[in-house]
Structure formats: C-alpha cells, structure tokens
Amino acid sequence: MSIKAQQATVYYAPTAGRRFFTRSAAINKEARAIIKKHFPDEPGHDCSEEACGWCQDPGWSLEHDQPERFKRYHRMLTGALRRAKS
C-alpha cells in the first residue's frame, strides 16, 4: 500500500476563512460569518458588585437574543449566496 495524492473539489468561504467539501456547507458558514461580522457577539461581564454597576451582564448575541431576526438574515443571505455566480 502506498499513499497517493488526490485532487478534490472544495468550496472556499472567504469571510469564514475555511474550505468545505459541499457547497451548501460553505454557503451556510459564509452566511453565518457575514452576520457575525456585522453583528458581533458581546461577551458577558461578570464581576463583583463593588466593581461596577453592570454586574452579571449576560452579553449579547443576535443568534440567541433575537433568533427570529437571525433566521431572517440567514435565510436571505443563504439565498443570495446560492444565486451568486461562483
């Protein structure tokens, strides 16, 4: 048995910075990366009560805090990316 080099078609999602074996996976990840780029997650803030007034701040994420809006953006972006020329 020997190791042989093979070529395979892969799909690159530039905003996500990754390669995928299927076009649909690349489109899905690219849409999520574009949404995250425009609506970045804000990390939570957890400190003592004496330090600041924003203690126990849970942070913010479009996907978790406004799921309907995220689904709508994701649906629109995936449709646009599917129709885009390769």
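The values are calculated or read from the model by the stated rules, or taken from the named source; none is laboratory data. Just so we're clear, the structure is a prediction, and the values are computed from it rather than from any experiment. When we count neighbours, we look across all protein chains shown, and the Cβ atoms used for this are built from the backbone with ideal geometry, even at glycine.
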Task: Pairs, first closer than 15 Å to Trp60 by Cβ in the stretch 28-44, second part of a helix (DSSP H, G or I) and not hydroxyl-bearing (Ser, Thr, Tyr), C-beta under 6 Å, six or more apart - done: Phe39/Leu62
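Listed residues Ala8, Ala26; which is over 18 Å from Arg72 (Cα atoms) and modelled with pLDDT of 95 or more? Spell out how you get there, then give the answer.
On the way: Ala8 fails: modelled with pLDDT of 95 or more.
On inspection, the qualifying residue turns out to be Ala26.
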Task: Looking only at the stretch 31-55, and only at residues there that are among the small types (Gly, Ala, Ser) and more than 14 Å from the chain's Cα centre (by Cα), the one that is modelled with the highest pLDDT - done: Gly44
Open item on the list: If I ask for residues that are part of a loop (DSSP other than H, G, I, E, B) and of a type in the set (D, E, K, R), which ones from the stretch 17-44 would you list?
Closed with: Asp41
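For the stretch 41-48, check the following and say yes or no: at least one residue is farther than 22 Å from His64 by Cβ and in contact with a Ser or Thr (Cβ under 8 Å, 6 or more places away or on another chain).
Within the stretch 41-48 (the criterion being farther than 22 Å from His64 by Cβ and in contact with a Ser or Thr (Cβ under 8 Å, 6 or more places away or on another chain)), the answer is no, since none of the residues qualifies.
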- [ ] Answer yes or no as to whether Lys85 is at pLDDT 95 or above, out of contact with any Pro (no Cβ under 9 Å at 6 or more places or on another chain) and surrounded by fewer than 11 Cβ atoms within 10 Å (Cβ to Cβ).
- [x] no
